[in-house]
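The structure appears below as structure tokens.
The values are calculated or read from the model by the stated rules, or taken from the named source; none is laboratory data. Since we're looking at a predicted model, the values are computed, not measured. Don't worry about glycine lacking a Cβ; one is built from the backbone with ideal geometry, like all the others, and counts go over all protein chains shown. Just the protein is used for accessible areas: all its heavy atoms, side chains included, with ligands, DNA and RNA removed. Shrake-Rupley method; radii C 1.70, N 1.55, O 1.52, S 1.80 Å.
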Amino acid sequence: MHVESVISAVGSAVDVVGVAVIVVGAAAASWIALTAIRSRSVAPVYTTYRRNLGRSILLGLEFLVAADIIKTVAVTPTFESVGVLALIVLIRTFLSWSLQLEISGRWPWQGSVHPGEAASESPVS
């Protein structure tokens, strides 16, 4: 077996893991939300559901970016493929930042919430 085919198989496996993380995370977030609705929980179900779903998408995107890097750089390192990879990583990074903003209410570079400041009250600037 050639090294390229092994690396390509590893990249494909990481792709599958990324998709599985998103699907399982979406199912788990849905199950948690349905359970909360059935128990008539006082907690805001919609907000919790969005955060859990966003977290699973973020984690899945990380795996998908890793798979793209493995397959592009290790298997076919041409200028065209690296350019396509750069575009894919740029788009997925924007998606990750947008999801992070939706989940936490803060940009990734803003750091954690200060003691005494509620996460839902923090302004986004």
- Item | The listed residue being in a helix (DSSP H, G or I), out of contact with any His (no Cβ under 6 Å at 6 or more places or on another chain), buried (at least 17 other Cβ atoms within 10 Å of the Cβ) and of a type in the set (S, T, N, Q), out of Ser30, Ser12, Ser56, Ser5 | Ser56
- Query: Does Val23 fit the bill of being surrounded by 13 or more Cβ atoms within 10 Å (Cβ to Cβ), out of contact with any Pro (no Cβ under 7 Å at 6 or more places or on another chain) and in a helix (DSSP H, G or I)?
  - Reply: no
- Message: Of all residues being buried (at least 18 other Cβ atoms within 10 Å of the Cβ) and free of Cβ contacts under 8 Å to residues at least 24 places away in the same chain in segment 59-89, which is nearest to the chain's Cα centre (by Cα)? Just the residue, please.
- Response: Leu85
- Of those in segment 102-125 that are closer than 18 Å to Pro44 by Cβ and open to solvent by less than 90 Å² (accessible area, probe 1.4 Å), the residue modelled with the lowest pLDDT is Ser122
